[in-house]
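Below is one structure, written out as structure tokens; comments come after it.
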Amino acid sequence: MISSLVTAFVVGGFICVIGQIFMDVFKLTPAHTLSTLVVLGSILDGFGLYEPLIDFAGAGATVPITSFGNSLTHGALAEAEKHGIIGVLTGMFEVTSSGISSAILFGVIGAFIFQKRKTTY
Amino acid sequence: MKKSIIVFLMLLLLGACSNEKEKVIFPADNSASLKPIMQKQETIHGYKSVINEENILVAININRFARFNKTKIEEKITKQIEKQFPERQVLVTGDQKIMWEVESIIDKKLKEEDLKKSIEKIKSLSKEET
Amino acid sequence: MDQQQFQKIVDEKNPKVPYFLNILKAFIVGGIICTIGQLLTFFYMRFFPFTEGTAANPTVATLVFIAMILTGTGIYKKIAQFGGAGSAVPVTGFGNAVISAAIEHKSEGYVLGVGGNMFKLAGSVILFGVLSAFVVALIKTILVSIGVISW
């Protein structure tokens, strides 16, 4: 239990450090940083390296945005394994899209409930 | 204050490492040929297993840094058990959820019908992907 | 004054980026968010029929919900100022980008304002996620079909 929490903290924190280095050292905007990380997660899954990381770190690997690229690639690959090259197109959102769907849903609910502040981001 | 927290954490760590209770096979009389297989695994520090006529269910606690190879370890142990029990269906998993489910079966000491039902439930649970 | 001299003066005038401090802050904030995620994962595994593999979905949804509350009340902005990438990289940062854009453009109506601007900031993440997933999966499928690697 406790060791899972510690590994989640360390691995999740480490992925955020990579993001911070992109932002500070390479002077990327947050949008560029996030896009790079998503591509990175997707490539890692192509080599079959992201699933072992999830097995090791749990939420430390599933909560950062890299897991978004991973799950898209994973769905595409799983479907391609079954149906060949067409599956690459159809399988992408198959495995998981809870991040997008919940962001849309809570975005609308948030817009409904909350009033505009000077800046919220 | 600070010292007592450190001592407490050390105790937790030590308690987590040496626990013979974590190696259970249920029902115990069936365990003769399963035990030696599990005993020689070096990458795990505990297992809980449930057996009936058709199924063998093993929930394993994989060592922290061996978890990178979770799927490989599961496959390896599954093959070894299948060799020993070719007529039964074997499920080996390092999933914490399955571990809790197996624990609850052992706690309730389920018999025949109930046992079969719970095992089927666990098997369908472990197959889900999304 | 040529380009180089100008650059030198600009560098002198700009405050130095405290690299190490920023990295430490990002590590701590990101780590805490992921630890909360791990606690949520344990919660969903314990009380609902989710396994380690499937519990990630409700965990992400719950974190986005928390991000909604924090964004609406303006607390997430303060976390972001302290944590930098530590608050942007976890899925809560993605949620924050979507939700804050939605709230921001509420006054323009739900179709043109909220609907049209929701993915203004987060759209690039989805675009590059889908694009790279497509390319990676395509390359791997082709490599498998000509027999270089296996699944």
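None of the figures in this text is laboratory data; all of them are computed from the coordinates on show. Here the structure is a predicted model, which is why all the values come from computation and not from measurement. Note that we place each Cβ from the backbone using ideal geometry, even for glycine, and neighbour counts take in every protein chain shown.
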Return the average number of partner chain Cβ atoms within 10 angstrom of each residue Cβ along peptide C:110-116.
2
Using a cut-off of 10 Å between beta-carbons, work out the net charge of the residues near C:A85 (Lys and Arg +1, Asp and Glu -1, C:A85 not included).
0
Could you give the dipole magnitude of chain C about its Cα centre, charging the beta-carbon of Lys and Arg +1 and that of Asp and Glu -1, in debye to the nearest 20?
200
Whole Å is fine, so just give me how far the alpha carbon centre of the stretch A:24-53 lies from that of the stretch C:113-127.
19
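What number results when the radius of gyration of chain C, computed over Cα atoms, is divided by 2.2 N^0.38 Å?
Values: Rg = 21.0 Å, N = 151, 2.2 N^0.38 = 14.8 Å.
Output field value: 1.42.
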In the stretch A:2-113, what is the volume of the convex hull around the alpha carbon atoms, normalised per residue and reported in Å³?
133
Please compute the average number of Cβ atoms from other chains found within 10 Å of each residue's Cβ in peptide C:9-19.
1
For the stretch B:49-76 and the stretch C:1-76, what is the separation of their C-alpha centers, rounded to whole Å?
34
By Kyte-Doolittle mean hydropathy of at least 1.0 and Cα axial length of at least 30 Å, which whole DSSP H helices of chain C are selected?
C:19-47, C:123-145
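Using helices alone, I'd like the mean residue ellipticity at 222 nm for chain A: each DSSP H run of four-plus residues gives -39500 (n - 2.57), total over residue count, nearest 500.
On the way: 7 runs with 91 residues, N = 121.
Helices in chain A give a 222 nm mean residue ellipticity of -24000 deg cm²/dmol.
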Estimated inter-spin distance, B:E113 and C:E12, nm [label 7 Å along Cα→Cβ]:
9.0
How would you rank B:W100, C:W151, going from fewest to most other Cβ atoms within 10 Å of each one's own Cβ?
C:W151, B:W100
Other protein chain Cβ atoms within 10 Å, averaged over every residue that makes up A:46-58
5
The summed charge of the B:E74 Cβ neighbourhood (under 13 Å; Lys/Arg +1, Asp/Glu -1) stands at -1
The stretch C:78-143 shape via C-alpha gyration tensor axes, a/c threshold 1.5:
oblate
Net charge near A:F68 (other residues with Cβ under 15 Å of its Cβ; Lys, Arg +1; Asp, Glu -1) is -3
